[in-house]
1. Condition test on Ile211, is it surrounded by 15 or more Cβ atoms within 10 Å (Cβ to Cβ), on the phi < 0 side of the Ramachandran plot, modelled with pLDDT of 85 or more and not acidic (Asp, Glu)?
2. Please tell me if Asp243 is charged (D, E, K, R), out of contact with any His (no Cβ under 6 Å at 6 or more places or on another chain) and closer than 21 Å to Asp502 by Cβ.
3. Would you kindly identify the helices (runs of 4 or more DSSP H) lying entirely within segment 340-413 that contain at least 3 residues that are assigned by TED's automatic domain parsing to the domain that holds Leu476?
4. Would you check if Gly332 is part of a strand (DSSP E or B), out of contact with any Lys or Arg (no Cβ under 7 Å at 6 or more places or on another chain) and either at positive phi or outside the structural domain of Gln511 (by TED's automatic domain parsing) (or both)?
5. Confirm whether Asp453 is surrounded by fewer than 17 Cβ atoms within 10 Å (Cβ to Cβ), under 21 Å from the mean Cα position of the chain (by Cα) and within 28 Å of Thr270 (Cα to Cα).
6. Listed residues Val163, Val158, Val169; which is touching a Lys or Arg at 6+ places or on another chain (Cβ under 9 Å), surrounded by 15 or more Cβ atoms within 10 Å (Cβ to Cβ) and not aromatic (Phe, Trp, Tyr)?
7. Just name the residue that is surrounded by the fewest Cβ atoms within 10 Å (Cβ to Cβ) out of those in segment 11-62 that are among the polar types (S, T, N, Q) and at pLDDT below 85.
8. For segment 295-341, name all the residues that are closer than 26 Å to His194 by Cβ and of a type in the set (Asp, Glu).
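The values are calculated or read from the model by the stated rules, or taken from the named source; none is laboratory data. Values in this document were obtained by computation on a predicted structure and should not be read as measured data. Cβ placement follows ideal geometry from the backbone for every residue including glycine, while neighbour counts extend to all protein chains displayed.
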Amino acid sequence: MGPRPCPNRGHSSREAEISTQTAVALEGITKRFPGVVANRDIHLSVTKGHIHAIVGENGAGKSTLMKILYGMQRPDEGEIRVDGSPVSFHTPADAIAAGIGMVHQHFMLADNLTVLENVVLGSEPRKALVALDLGAARKKIKQISDAYGLGVDPDVLVEDIGVGQRQRVEILKVLYRGARILILDEPTAVLVPHEVDELFDNLHGLVREGITIIFISHHLDEVLKVADAITVIRRGTTVASVDPATVTARQLAELMVGSELPSPETRESTVTDEVALEVKGLCMPAETGGRPLLDDISLTIHRGEVLGVAGVEGNGQAELVEAIMGIRASTGTVILGGKDITDWTTLRRREAGVGYIPEDRQRHGLLLEAPLWENRILGHQTQAPNTKGIWIDRKGARADTRRIVEQYDVRTPGIDVDAAALSGGNQQKLIVGREMSGDPVLLIAAHPTRGVDVGAQAAIWDHLREARAAGLAVLLISADLDELIGLSDTLKVLLRGRIVADVDPANVTPQQLGSAMTGAGEAA
């Protein structure tokens, strides 16, 4: 499928004028790492004042390409042009000076600082070159917020605002530094449907003012909804540039991975009468007083059952997981396979058969600077095949890492490469393989497919379904409402630390579930 002209989405005459100009051009970009070519002769042209989406499976080279554009890495071959002029970036500061800003998938905000303090951090305005001029910063932030319809209060603490607002703060940060070209990496990964709609409204507001947006996403329906043009990258090179008005999500998926768009739907029931996990009256007070983080949570998961928990991020999902894992102190009772494990350490719970896929794979799931076979051992350092007696069994760990790499399709040059060298999706598949090894009784899966492509997502869904059919009990936390509805046998809604609704996954829609999550309506 060749390049096609992009539709005019209500642009003004001024926008029509700027849309004929190229904001960014990447010509023949190639980047090599030991054992792999991450980018090979990439060509990309982004029109000024447009939203240009880049899609591709994990490991296709999207992240490397954006790191090159943002000055985090240097290309081995090729040229970057900004506003028609060739540029050479050695650091992100160079890219920022050229008007390029990047909003990363994982927010980079300090919760204990205000919005204003987060925005100006590293770019503080000064009076007479010495004193901080916070008045000028506040005025500038308000002007930017009003101009682009971001609706950001500069004086509120970041810890007191929701995920959607944090996303807008990240965008405001790069605009504050003068960015005219925004790179957004998986910007909807943690947003519920109405927050996604609000973000898209904000993006169209930015475009109307001449801002250019490069939009990286694995949510193909969202890409088709918001983008003016789409570039598909497969195995390190550009394979198509398409007009979103002329392609479907399934066709886009085929261009990306050579297969149809997967579905999380699970039809047959495998739920047994045997209880795997029972939680009674789980409570966790706030560290500084006020509303409890968890308030009288009770739930039961049977073998062969997936219990999904829906909720806007920050409403107690992370605390629930950490309480069950024994990572954070709580009151109440946790029973695993008929045994009271309330007072057990996290290690002992792991040894009893609790698998754990953490929501942040890089902070809590991997040692990025360690090889894959060492990462196989993490959390399972007292169990076969990783140990012999009191000693680490390198041979056993390495052999089992090879099994995981093959069984879970972890794309890597070998098991001795560092975890940091893998794409996000391949890192996630390694973690899923590790945590589903050793016949666990319970799997706690927090956002198991966050930030992975449709191919890796389908593979992880298949592994979860197979393990469920074999009797695994799964506690599923996800911001992907289709995933929650499709995979769950039972579905609960968490709001402000309390379970506020029990939902039938067979009857609820994503819109109804999103409303229940925000307290705006009832779920079916």
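1. In short, yes.
2. no
3. Counting at least 3 such residues, we get 346-351.
4. So Gly332 fails the test.
5. For Asp453, the condition - surrounded by fewer than 17 Cβ atoms within 10 Å (Cβ to Cβ), under 21 Å from the mean Cα position of the chain (by Cα) and within 28 Å of Thr270 (Cα to Cα) - is not met.
6. Val158
7. Among residues in segment 11-62 that are among the polar types (S, T, N, Q) and at pLDDT below 85, the one surrounded by the fewest Cβ atoms within 10 Å (Cβ to Cβ) is Ser13.
8. Asp295, Glu313, Glu319
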